[in-house]
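Since every read-out is calculated from the coordinates, none of them should be taken as a lab result. Remember, it's a predicted structure, so these values are computed and weren't measured experimentally. Here the Cβ positions follow ideal geometry from the backbone for every residue, glycine too, while neighbour counts run over all protein chains shown.
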Amino acid sequence: MQILLVGAGLSGAVIGRRLAEAGHHCRIIDTRGHIGGNCFTERDPETGVMMHVYGPHIFHTDDEEVWAYVNGFAEFMPFQNRVKSTTRGAVYSLPINLLTINQFFGKAMRPDEARDFVAGEADLTIEDPQNFEEQALRFVGRDLYEAFFKGYTEKQWGCAPTELPASILKRLPVRFNYDDNYFFHRFQGMPRDGYTPMIAAILEHPNITVELNTPYTPDMAGAAGHVFWSGPLDGFFDYDLGRLGYRTLDFERFTCQGDYQGCAVMNYGDREVPWTRITEHKHFSPWESHEGSICYREYSRACGPDDIPYYPIRLVEEKALLDDYITRAEATTGVTFVGRLGTYRYLDMDVTIREALETAAAFLDCVGTGHAAPAFFTSPR
């Protein structure tokens, strides 16, 4: 079968590879001039630093099969994300842990003492948190909430924390030990040579052709037996019901000699600081050594028509519009919507790959049994 995959990011690459291995001919197109989507990495020609061009991507997973999959296409080096936060004129360790708590409150508590102390700070009058702010106050109290969550959240989402659902803080990141590894997954690392060569290796198959700087046009579908769409769900329909809401990111790049901040990621919790964080890219490759350094100040704002969508908002208004687009998609034949944009969900890289592998397997089952492939193998709801 001739398969058209729109988007040369992780979803398109992984699905295309599996279908190509099964004997199908896969044409993968992308509007950008490079593969990899937002995972795209490249070396800065001036400093030699490996750049995460669209912001940091750190691979972490408990999925052993996915870990084995990516290691089949790249050499992964150990990497643990150890985030810091500048707030109220001091630097603290994130996620909130025993060191953060002791430093913030000027104490020297043991784990059980700190647990009891934070419980005493919590607002227990909030029995059923209805929004992000209530969820945070219920578990850590006002001081920690305002120092580490409130200002950062307002900048990241562009609205008051009282307007955000409590589910954003499903697992409140507070530890009562000195573990400052930001993630808790078994497998964590970075591809030695960046994500771009890894995705290029996935795409390297005789049944795959890749065309960059190539926007999708509806007539392309006529030449394909099936289309996999990893672009924006509403974009497939030319946004004719309205645009789903996203946050986008602006990066202010600056360079320096030596070490600018001593870590890969520094959050800024104070509301009056306009950026959310600064990333220093050479620290994402600690096995390398570079005299020069490249940093990004990261700003979050509402996504416009010409911007790159990063984070789906998924508040009440967006969910209603999403339902309308899902209904529209389910009535469309010959196309399956995949990935972060195609299903309007925030997905980590490991989940993206897992869903792509499962989508490819399910599609091959449909082909084998003569059934039509659905619009969604993973529901966006």
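Could you tell me which GluC sites (Glu not before Pro) in the stretch 65-135 are loop residues by DSSP with no more than 14 other beta carbons within 10 angstrom of their beta carbon?
For GluC sites (Glu not before Pro) across the stretch 65-135 that sit outside H, G, I, E and B with at most 14 neighbouring Cβ atoms in 10 Å, the list reads Glu75, Glu127.
Each residue of the stretch 247-256 in turn: what ³J(HN,Hα) in whole Hz from Karplus with 6.51, -1.76, 1.60 and θ = phi - 60°, glycine and Pro shown as x?
9, 10, 10, 10, 10, 9, 7, 8, 10, 7
Within straight cross-link reach of Lys282, meaning Cα distance under 19 Å, which lysines are found once same-chain residues fewer than 8 apart are removed?
Straight-distance partners of Lys282: Lys84.
Between the alpha-carbon centers of the stretch 164-217 and the stretch 297-312, tell me the distance in whole angstrom.
Rounded to whole Å, the Cα centres lie 18 Å apart.
Going by average Cβ density within 10 Å per residue, which order do the peptides 219-226, 347-354, 175-182 take, highest to lowest? The partial results should precede the final answer.
On the way: 219-226: 13.5, 347-354: 19.6, 175-182: 15.8.
The peptides rank, most packed first, as 347-354, 175-182, 219-226.
For the stretch 194-204, take each phi angle, set θ = phi - 60°, evaluate the Karplus expression 6.51 cos²θ - 1.76 cosθ + 1.60, and give the result in whole Hz per residue in order, putting x for glycine and proline.
The phi angles translate into x, 7, 4, x, 4, 5, 4, 5, 4, 7, 7 Hz.
Rounded to the nearest 500 deg cm²/dmol, what is the calculated helix-only ellipticity per residue at 222 nm for the chain, with -39500 (n - 2.57) per DSSP H run of length n ≥ 4?
Roughly -9000 deg cm²/dmol at 222 nm, from the helical runs in the chain.
By counting other Cβ atoms within 10 Å of each Cβ, how are Met51, Met198 ranked from fewest to most?
Lowest to highest Cβ neighbour count: Met51, Met198.
Taking the highest mean first, how do the peptides 238-248, 28-38 order by number of other beta carbon atoms within 10 angstrom per residue?
Listed from highest to lowest mean packing, they are 28-38, 238-248.
Can you give me the relative contact order of the chain as a percent, contacts being Cα pairs under 8 Å and 6 or more apart?
Relative contact order, the chain: 25 percent.
Which percentage, to the nearest 5, of the DSSP beta bridges contained in the chain is antiparallel?
60 percent
Which of the GluC sites (Glu not before Pro) across the stretch 135-242 are loop residues per DSSP, with 15 or fewer other Cβ within 10 Å?
Glu204
Compute the long axis of helix 316-330 from its Cα atoms, compare it with the longest principal axis of the Cα atoms of the chain, and write down the angle in degrees, 0 to 90, nearest 10.
Value to nearest ten degrees: 20.
Using a Förster distance of 22 angstrom, determine the FRET efficiency expected from the C-beta separation of Asp250 and His34, and round it to 0.05.
0.70
When only C-alpha pairs under 8 Å and at least 6 residues apart count, what is the relative contact order of the stretch 94-169, in percent?
This gives 27 percent for the stretch 94-169.
Only sites in a loop by DSSP and with at most 14 other Cβ atoms within 10 Å count here; which GluC sites (Glu not before Pro) in the stretch 5-53 make the cut?
Here the sparse-neighbourhood loop sites are Glu46.
Treating the angle as unsigned and between 0 and 90°, give the value, to the nearest 10°, between the Cα long axis of helix 111-121 and the longest Cα principal axis of the chain.
90 degrees
Which lysines, on any chain, are close to Lys319 with Cα under 29 Å apart, when same-chain ones fewer than 8 places away are left out?
Answer for Lys319, where 29 Å is the Cα cut-off: Lys150, Lys155, Lys170, listed by chain and number.
Taking θ as phi - 60°, what are the ³J(HN,Hα) couplings along the stretch 48-54 by the Karplus curve (6.51, -1.76, 1.60), each to the nearest whole Hz, with x for Gly and Pro?
Each residue of the stretch 48-54 in turn: x, 6, 6, 9, 8, 4, 9 Hz.
Mind giving me the FRET efficiency for Thr162 and Arg381? R0 is 25 Å, r the Cβ-Cβ distance, nearest 0.05 is fine.
It comes out at approximately 0.55.
Can you put Leu315, Leu94 in order, fewest other beta carbons within 10 Å first?
Least to most surrounded, the residues fall as Leu315, Leu94.
Round to the nearest 10 and give me the degree value, 0 to 90, for the angle of helix 10-21's Cα axis relative to the longest principal axis of the chain.
40 degrees
Tell me the label-point distance for the pair Glu204, Leu321, using the 7 Å Cα-to-Cβ offset, in nm and rounded to one decimal.
It is 4.2 nm.
Could you line up Ser379, Ser93 from fewest to most neighbouring Cβ atoms inside 10 Å?
Ordered by Cβ neighbours within 10 Å, fewest first: Ser379, Ser93.
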